[in-house]
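Chemist: Pasting in a structure now, in structure tokens, and then I'll have a few things to ask.
The values are calculated or read from the model by the stated rules, or taken from the named source; none is laboratory data. Small disclaimer: the values here were computed from a predicted structure and weren't measured.
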Amino acid sequence: MKLLLSFFKAPPAVKLEIAPNVLAALMEKGELHATDFRCLDLGSKQIVWQMLLSLAMSKIVEARGNCKPGEKTRPAP
């Protein structure tokens, strides 16, 4: 494989298509971050935006669930 790549100049990016549920799972596990990629169309951007909002909301709810009454909410990791 290394020999094959030496014949071609490496492109600046690899363009992939990924299922939204796979993307969400990778982001939820922290294996992929929003800064690691960019969306190539508006529909994809809207899906990722909603996904990030949903993940953030679930972390907030989880953090609040771990607090005792009257205790301040700790920041999500």
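Chemist: With assigned to a loop (DSSP other than H, G, I, E, B), modelled with pLDDT under 90, among the acidic types (Asp, Glu) and on the phi < 0 side of the Ramachandran plot as the only criterion, which of GLU17, GLU71 stands out? Lay out the reasoning, then the answer.
Modeler: On the way: GLU17 fails: modelled with pLDDT under 90.
Just one listed residue meets the conditions, GLU71.
Chemist: Another question, then. Within region 37-68, restricting attention to residues that are part of a loop (DSSP other than H, G, I, E, B) and not polar (S, T, N, Q), which residue is modelled with the lowest pLDDT? Outline the logic, then answer.
Modeler: Kept after step one, since they are part of a loop (DSSP other than H, G, I, E, B), are these residues of region 37-68: 37-41, 66-68.
Restricting the remaining residues to those that are not polar (S, T, N, Q) gives 37-41, 67-68.
Numbers: PHE37: 92, ARG38: 92, CYS39: 93, LEU40: 92, ASP41: 93, CYS67: 67, LYS68: 63.
Of everything passing the filter in region 37-68, LYS68 is modelled with the lowest pLDDT.
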